[in-house]
Every structure is written in structure tokens, then in C-alpha cells.
Amino acid sequence: MCLVFITKLHAQNNNTIPVPTNLEQGYPRLYVTESGKKDLKKTIKKEGWATDVLAEIHNRIDEHVERHVNDPEWMVSRLQMYWKTKSTNVYVNGINYSHADGEAPVPTVRFVGSRDYTSNYGVPKLEDILPYMDDPRGLYLPNNKKEGHPFEWAEISKTGRAIYTINDNIISLSRDAAFLYWLEDDTRFAEFSYDVFHTYMKGMSYRSEPVDLMNGHIQTLVGFTNFQVIHEGTLKNIAELYDFLHQYIEENHPEDIAMYDKTIKRWTDQIIKNGVPQNNWNLHQAKIILKAAMVLQDDQNYEDKKGREYYINYILNVTSARQWSLNKFMDFGYDKETGVWAECPGYSQGVTKDITTFINDFDNTFDHNILPYTPTINKAVKMLPQYLFPNGQIVAFGDTYYGPIYTEAISNMIRIAQKNDDKVLEEEFTGMYRLFEDTLEKTKSKRKPKANISSFFATKPLELDKKYKTADIKDYITQTFYAPNVSWHVQRMGSGKNGMMASLNASLGNHMHANGINLELYGKGFVQGADPGKGAGYLQPIYLEFYSQFPAHNTVMVDGVSSYTEMFSNHAFDLMGEYPKSEKKEGFYKNITFSDVYFLEPETRSDQNRIVSTIKTGETTGYYIDIFRSKKQRKGDKFHDYFYHNLGQSMKVMDALGKPLDLTPSEEMAFAGGYLYAFDYQWDKKSIKSDKDYQAQWKIDRPEGRGRCIYESLDERNRRS
């Protein structure tokens, strides 16, 4: 089928970010230049953390380098290549690998098994990988991810990301060896690194873009090694390896440099060509592109004039179908009023972390600060505490899990401020960062640097100026907060175990669920009315049929069929009223908040309203009011099911006087009854029919031995239990 699109063109954003000039011509250049070697050696000798990092890198790589001296094929043969077939063309069938054909003069790089990373097969240790493995039976892998399980031949499409994981592990070791060669001038490390690098890059030079036999969405996502271009992280490792090994290559194998550069450019062009521009993908792609671009020569050194400046300008200022400029990406995704990124909290925090990391890396590499060209970032970092419940856990709607706030974005702002001697910026974000130092200690996030070469440069320990004091958390959170670009509203009072908070969300933005008006409820130190998160991989049936659907959330489902598109969703609620006004520190009546939202449930065309109020009755006491109304526009209502999931070791369903109801086993609520698959993921179902008021009570046995925490629900008449 051929479709013709006629599009009205709009002028690009004129807020151009200047491309740095006077670029470093020598190698290395990504993290450090040749002139910085002496200072790095001093740091390693002087700083204990740096000494430990170097020692751990040696512990990881030395045995392989020593073996390579006498057995140079051992590590190379573990690469996942088309060793025998030398295939150039790869074919996929939707999300799974199909086959490969064509023949190159050398072994080529093998493509991954599936977009779905879940697999019953484990990734073997290097010593357990069959050398030169290229067999029509597939891959020889352990049939379970736990150690000690027997190996068997597995069909490629059933192996998840095993191929990519093995190759990336080997390339990472070779990158570390290249760094150690540069630092210590031991040619054994260079020879090990080069043999792996050359074999891989020579094979990659003959690979073509994979072809989707279904001619579907996957064709717009695939890279050379992965189903998703955002997972082409091996190219970043290749760039770092090439950077530190470049001097050795110039001196010993200069004839291959043109091939290496051409292959890196083809790989980068593929990442630009495919992907998704309007969400976190765009930034993940840009991070890979930047690393690859930085090890290329200047534009003038290539016949097509596509070198460093071309690719750097591309990610900063050029917008194409699947790769937007940095400014367009930020203008589209961030709410300029609130600083909220248009994805669920887990992904939103990740994007803000990644953008600040990108700005910091860019500044360190080019001595060029682009933070002034991204004015929304300050607000985006400062809004992060709005995600927090009083116990320090973030809200978890959509594809998010409960956990502490991401502090990397804050620390990145401090690093940027220190690099550019911006004392005002440094003081502000140092004060904010200190708010979470206790959390960092408890979660061990303040552990010693990883045994990675980046630990010497981009992620070395943060040094805080002692004269900057801790900020007030009230400067960053408000009693109510409304983010319309993700259809999220929060109400809070107090802090710690005696704080209260209710969070409402609909389904607007990326990585959202089909959940109507969803509620998360906090009390007595716990998120009691919890959201289950994504539960499993996005392509797994349990995610598609349960975790992303109405019955997994605290919401109302109509006639057993309420649903709509999850993941990238466009179903928001309307905020009809709130008190106090969003982002106001607190209202005149300090012990009460409320929100009133309206939602059109699209599957059944039902009008739904939810009024939630938090009421403080004392320092340690309070209660919530949650009123949910649901009615079909075209009448014919069958039932409106109120789903609520609460913490507790036990639950009782009782009448209004507290007498337990006589529930009996039931299989009525199931797919067989004409309802969603989600009902079949629930078990031990019981029911009773009644036209009287009833209540449900959850009991939490407190580990501290301070009694119990109870949530009670009194529902309207004529509802199903």
C-alpha cells in the first residue's frame, strides 16, 4: 500500500544552540586529553577512591589480557558473529528474529534475538560460551537464568537480548583495556583491545539495516544490533574504546581508520533514521550519537562533509522525522509552568537526569555550557520533590516503581555550576541536594564509585561546599500540585508517618496505564492504597492484560469492559476544583485539601467524577473522603465496579454495623463472562449480592509493635462487591 502525505511545514525553533568551535584534534578527547594524563595519574596516586577504581578495573581485565598473549583467539571467538555464514542481511518477524542471508568476505556481527528482553534462557559466563558459535540450531545457553542449570540449543528468537549482552560485555572489556593501554603504555592491553575491536568493526562494516518481514512499526525502530535504536549502547562503548586506542591504531594500523569512521557514521545514521522523537527515546538516541560523533574527525576531512560538527549540530539544532533537536524535544515534552516532563514519574525523572548529564558531559568535553539555552531545566529539577510521599517514596503511577527520588539531576546541576563558577546556581542546588543526603545514605546510593573508567571523569565523587546549608523542603513541595500535561493532581498535609497524601492520575503522556481516575493513598508511613507498577516486561501478557488495565488500579470500571490504549495514552481528566490552589504553599484552612476531577471513560462513554479530600483532625490523626460517581451517557448501565488495593495482612468485608458478610466463592467475574482478561489474573474470588451499605477493612500489623493501621471503606448501595 502506498500512502502520500501532504504536510504544512512550520518554521524550526530559532533558538539555535551554538556548536562549539576549536575542537580538540588529538586523541583521546571524550573524557580527557593527552595533556591530562599526568594529572589523572596524580589523582589515582593521591585519592583512595581512584586507586580502588583502577585496581578493580585491573582485577576485571588482567586475566583476559594475560591469556590473550598466548591464546589471541580465546576472547575474539566468544564474540557473537555470523562466523560461518558471514551473513550481511538480517530479517525480523515483528518483535522476533527470523533469519539472515547474504555473504560477506569476513564474519559479520550477529543481530539480537527479540525485542522482548524476557527469556527463559540465561546468559553464560565467558568461559562457558562455545567458541565461534554459529550453528543452525541457534545458541547454546543455560536453560534457566539461575546458575547450575544444563545447557541446550535455543532458537534465536527465544533468547531475548543474550546476543547483545555477550557482545557488549566483551566490547566493554576491550574498552577498559584500551584505557589501561593509554594510561600505562602496556602494549599487551592494546593488542587485546585491537583484536576484539577490529574483528567486530570489520564485521559491522558489512551489515545492512534489518528488514521487518511484516513491514510494520518495528521497521521504524531497528538498529544494526538491536530491535530498538535506544539499545545501541555498544556504540558508546565502541566510541570510548576507539578514543583511547586511536593513537595505537594510527601508529600500527592506519589503513583501517577510514573503514572504522565510515562504520561509525553508518551506525549513527541508522540511529538518527529510526526511533521515536517525542519521548525519552530522543534523548537516549542523542546520547549515543554524541559519543559517536565526538570520536570522528572534522567535517572537512570527509567527502560527504559529515563529521563531528555535522552530528553535534544535528542533535542540538536539526529536527527530522525520528530525531528532534534538543530544543524542540524539550519544548514538546516539558510543561514550562510546572517543569513536569510528559511521562510517568519514573521516566520523567530519568529524562531530567539524562538531560542534565548530557549538558554536563557536553560542557566537560567541549568546555561549552549549553545550560543557558535550556531554561526549563532549572524548574524541571526543582519540581522533582513534588513526586514525593511523606515517607520519601515517589508516586508510582504508570510504568513506575516506588523508591527514593533520583538525585543525579540535582548533583549534575551542582557539577555544572562548579565547572562554570556559578555560585548562585551552586548554592541553590547544594541546599536542595542536602535535603536527600540521609536518603542517599540509607539506600547506599552514596557508595564508592563504580569500577568504570567514567568514574575518573564524569561521575567522580561530588564535593559539596560546606558553606552552603540545607534548604527547606517546603521550598520545593506544596499542599496541592497539578500537572496537566500528565493529568496528575496531588494533595498533601504534614510530613513523615503522620503526614497525609492523596495522588490522582488519569492517562496522559507516555508509559501510562489504562486506569481511569486512579488513586494512590498514603497514611501512617505507608503508601496504603498502592499502585502495582508495570509488573513485567511491556510485551508480556501479564502486563498487557492486567498490570496496565483498570482492575490493577484504584479506580472504577464500567460493565467489566473499561479500557483504552495503554503506554502512549491521551485520556486526561479535567480538574474541576481544588483547594488550596495548585502550587500555593498552603491555604487559609491549613487542615483540609480537596480536589474534584471529571473523566470521560471512552470505552463505555461514561461520565466519571472523583472528589477526594484530606482532613487533619490532630497532630497524628486525620481521614480521607473519596467520593466516586460513574454513569453511562447512553444509559443501559450494568454495573460500576470500584477497585481498591490496600496494604494489609488481612481484609474483612462487613455490613454497616461491622458484622462480616457471608461471601461465597464465585467465578462470575472472568473473561468467560464477557469481561476483560484482567479478571482472570485475580483468584480466590468471592461475592454476595446486597442492597445495603457495606464496608471493607484492611488490617496492617505494624512491625514496630505500635498497634495497627486500618483503612475502612463505606460504599454506596446497589454496588457490586
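The values are calculated or read from the model by the stated rules, or taken from the named source; none is laboratory data. Worth saying up front: this structure is predicted, and the values here are computed from it rather than measured. A quick note on method: Cβ atoms are made from the backbone with ideal geometry, for glycine too, and the neighbour counts reach across all protein chains shown. These area figures cover heavy atoms from the full protein model, side chains too; ligands, DNA and RNA do not enter into them. Shrake-Rupley method; radii C 1.70, N 1.55, O 1.52, S 1.80 Å.
Values computed for the structure shown
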| item | result |
| --- | --- |
| Nonlocal amide H pairs with residue 687, under 5 Å, H built at 1.01 Å | 664, 666 |
| With every protein chain in place, region 469-551: carbon and sulfur % of accessible area (1.4 Å) | 59 |
| Of 287/534; 158/306; 236/305, those spanning more than 28 Å from alpha-carbon to alpha-carbon | 158/306 |
| Probe 1.4 Å, protein heavy atoms only - accessible area per residue of the chain in square angstrom | 45 |
| Sequence ranges 341-351, 251-261, ranked by mean other-Cβ count within 10 angstrom, highest first | 341-351, 251-261 |
| Whole-number percent relative contact order across the chain, with pairs defined as alpha carbons under 8 Å at least 6 apart | 8 |
| Unit Cα scatterers, Debye sum, region 196-292: log10 I(q)/I(0) for q = 0.14, 0.17, 0.19, 0.24 Å⁻¹ | -0.53, -0.74, -0.89, -1.25 |
| Candidate lysines - alpha carbon under 25 Å from residue 689, same-chain residues fewer than 8 apart omitted | 631, 632, 635, 638, 652, 659, 699 |
| Members of 353/469; 45/291; 273/450; 419/448 lying beyond 25 Å, as alpha-carbon distances in this model show | 45/291; 273/450 |
| Helix-only CD estimate at 222 nm, as mean residue ellipticity for the chain, using -39500 (n - 2.57) per DSSP H run (n ≥ 4) | -9000 deg cm²/dmol |
